Structures are given as structure tokens and as C-alpha cells.
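The values are calculated or read from the model by the stated rules, or taken from the named source; none is laboratory data. None of these values were measured; they are calculated from a predicted model. Reconstructed Cβ throughout: ideal geometry from the backbone, glycine too, with neighbour counts over all protein chains shown.
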Amino acid sequence: MTGLYERHPYPGKLIVVEGIDGSGKSTQLRLIHRWLEAAGYRVFFTEWNSSELVRRAIRRGKKKGLLTPTTFSLLHAADFADRLIYQIMPPLKGGMIVLADRYAYTAFTRDVARGVDPQWVREVYSIAPRPDLALYFRVPIEASLERVLTGRQKLKYYEAGMDLRLANEATESFRIFQSRILELYDALTHEFDLKVIDAVRDIDEQQQVVRQLVMDVIRGVEPKKPYERQSLLRQRPAVQKNGRA
Ligand SMILES: Nc1ncnc2c1ncn2[C@@H]1O[C@H](COP(=O)(O)OP(=O)(O)OP(=O)(O)O)[C@@H](O)[C@H]1O
Ligand SMILES: [Mg+2]
């Protein structure tokens, strides 16, 4: 394994999305996923905190308030390591396009915002290959807050960083905690060559920018069925006239 600072040697491509909660990562990645599949590419999708191995432990730890910043970080690292070995590496080695909703950079921001040592957490994730494209969706806190609260009444305890006792009130705690994370993301952009996307823009505008970046990266990857391949450029826009994705 080559680590996050060197280009990986595998025939597939690894594309990851990052950003604070509500920045619109999943929305953009979902559109990319559909677009690539429609063009005949073999795509594998994986997301943060989805490994069966530790999901229950994380849920239980959260519910009972047992997690410290270090155990929280290590459980997420176990989730990551499990998905890396069994989900991310095989398709990457097999020449597929792997899409990851959050990657090691989430740990480098969230865990560090919780007080974990930045160097230590980088070592924990040194098994991770460097993505071919790491997109950072950058939005101000107020925009993310508004989006997170769309269609829901309350902020979640951990997304607001309530475990850190930064403020008594969830919205205020969210602002402080997510601002720390935002600053840490900004500081990572040079270290890891994150491509900054202006995530305040509307969904379709962003999608055009993202598709261009993805196209540059997947050059050389063969779609599964060449005869079925539609030109990526000839496909419909991501968002229809009624605004629906
Ligand atoms: N460009 C945009 N403009 C306005 N609203 C958006 C935009 N992109 C996404 N949204 C909306 O904001 C909300 C959050 O988007 P999404 O789930 O994609 O964010 P996320 O970054 O994946 O968040 P999380 O980190 O919590 O998973 C959704 O309701 C989505 O429809
Ligand atoms: Mg999401």
C-alpha cells in the first residue's frame, strides 16, 4: 500500500467527497454515480460508518455516551479498515471506479476537532491509498445548518458536537464544532490536494464542475459495455426543469 501522499498503482480510480455536514456531498456523488453507470462504467459505492463489523458498536457507544475522542476515532478507523480491505481495494485492483462518501480526511477533521492528535490519526490511516480525485465541498456554516435542518426538527447530538460541551444549545454547539471542522478542511486542501468546490452554488452548476473533474480522472478507464456507452457529454443535465435531481 502506498499511503495518502503517493499515487496508487492500481488500474481503477478512487473518487471521494468530503466537506462538513450538509455541504451537499451525497447529493453530488449520487448524481455522479448515476451518470457513470448510465455511460456503462463499472462503479462501486461505499460510505463512511457503514461497515457491519463496527456499526453496532458505534451506535451503542453513542447511545450510552461511552465514546471518548480516541475510542470514537478508533471505531471509525476500524470501520474504514474493514471497508478498505473488503470493499474499496478489490474493485480498485479490478479496474473499477470506486466512489467514497467521506474518506480519511473526515477523520483528519472531525477527530482532530474532538482533540485527537493530528499526526496520530494520519498514522492510523496510513493504510489508505491516495484518491485519484478528492472533492471538498465548501460551504459556510449557516448554509450547512440550513440544509441540515431542512425536513428535520433537531440537530443530532454528535453532528452538533454536543459531546464536547462547547455550548448548552445544539445550534450554537453545531456552529462552533462545524467551524472548527471547516477550518481543518481548509488547512488540508494543500496537504492532500483536495479540489475545492463552491458548494453554495446550485446543484446543477456544481454537478457540471464535478463531472468535468471526474472526466479528467477516468480517462483511460474502459466502460463495461462499449457498445452501450453513451457519451458522457451527450447525457441529460443532472437536474430537470422542475429542480428535481
Ligand atoms: N447546492 C445545493 N443547494 C441547496 N440545497 C442543497 C444543495 N445540495 C444539497 N442540498 C440539500 O441539502 C441537504 C443536505 O445535502 P446532502 O445530504 O447531499 O449533504 P451531505 O454533505 O451529504 O451531508 P451529511 O454530511 O450530513 O451526509 C439535502 O436536503 C439536499 O437536498
Ligand atoms: Mg451525506
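Which of the residues spanning the range 140-191 are of a type in the set (A, V, I, L, M, F, W, C), more than 25 Å from ASP117 (Cα to Cα) and either touching a strand residue (DSSP E or B) at 6+ places or on another chain (Cβ under 8 Å) or in contact (Cβ under 8 Å) with a residue 24 or more places away in the chain (or both)?
Hits for the range 140-191 are ALA143, LEU145, VAL148.
In contact with a Gly (Cβ under 9 Å, 6 or more places away or on another chain) and either among the charged types (D, E, K, R) or within 16 Å of ligand 2 (Cβ to nearest atom) (or both): is that true of ARG42 in this structure?
Spelling it out, ARG42 is indeed in contact with a Gly (Cβ under 9 Å, 6 or more places away or on another chain) and either among the charged types (D, E, K, R) or within 16 Å of ligand 2 (Cβ to nearest atom) (or both).
Filter the range 45-72 for residues that are hydroxyl-bearing (Ser, Thr, Tyr), in contact with a helix residue (DSSP H, G or I) (Cβ under 8 Å, 6 or more places away or on another chain) and not in a loop (DSSP other than H, G, I, E, B); which is nearest to ligand 2 (Cβ to nearest atom)?
THR46
Of the residues that make up the range 134-151, is at least one within 16 Å of ligand 2 (Cβ to nearest atom) and farther than 30 Å from ARG211 by Cβ?
no
What pairs come up if the first residue lies in the range 55-75 and is within 20 Å of THR106 (Cα to Cα), the second is exposed (fewer than 13 other Cβ atoms within 10 Å of the Cβ), and their beta carbons are under 6 Å apart, counting only those six or more places apart or on different chains?
PRO69/GLY115
So in the range 63-81, with the set limited to residues that are surrounded by fewer than 17 Cβ atoms within 10 Å (Cβ to Cβ) and charged (D, E, K, R), which one is nearest to the chain's Cα centre (by Cα)?
LYS63
I'm checking my understanding of the structure. Among residues of the range 193-213 that are crowded, with 19+ Cβ neighbours inside 10 Å and more than 16 Å from ligand 2 (Cβ to nearest atom), which one is farthest from TYR157 (Cα to Cα)?
First pass over the range 193-213, keeping only residues crowded, with 19+ Cβ neighbours inside 10 Å: 194, 197, 199, 206-207, 210-211.
Filter once more, so that each one left must be more than 16 Å from ligand 2 (Cβ to nearest atom): 194, 211.
Working: LEU194: 28, ARG211: 34 Å.
The residue in question is ARG211.
Against the definition (at pLDDT 95 or above and surrounded by 12 or more Cβ atoms within 10 Å (Cβ to Cβ)), how does GLU222 come out, yes or no?
Against the criterion (at pLDDT 95 or above and surrounded by 12 or more Cβ atoms within 10 Å (Cβ to Cβ)), GLU222 does not qualify.
Does the range 82-91 contain any residue that is part of a helix (DSSP H, G or I), touching a Phe, Trp or Tyr at 6+ places or on another chain (Cβ under 6 Å) and within 17 Å of VAL221 (Cα to Cα)?
The answer is yes, given that some residue of the range 82-91 is part of a helix (DSSP H, G or I), touching a Phe, Trp or Tyr at 6+ places or on another chain (Cβ under 6 Å) and within 17 Å of VAL221 (Cα to Cα).
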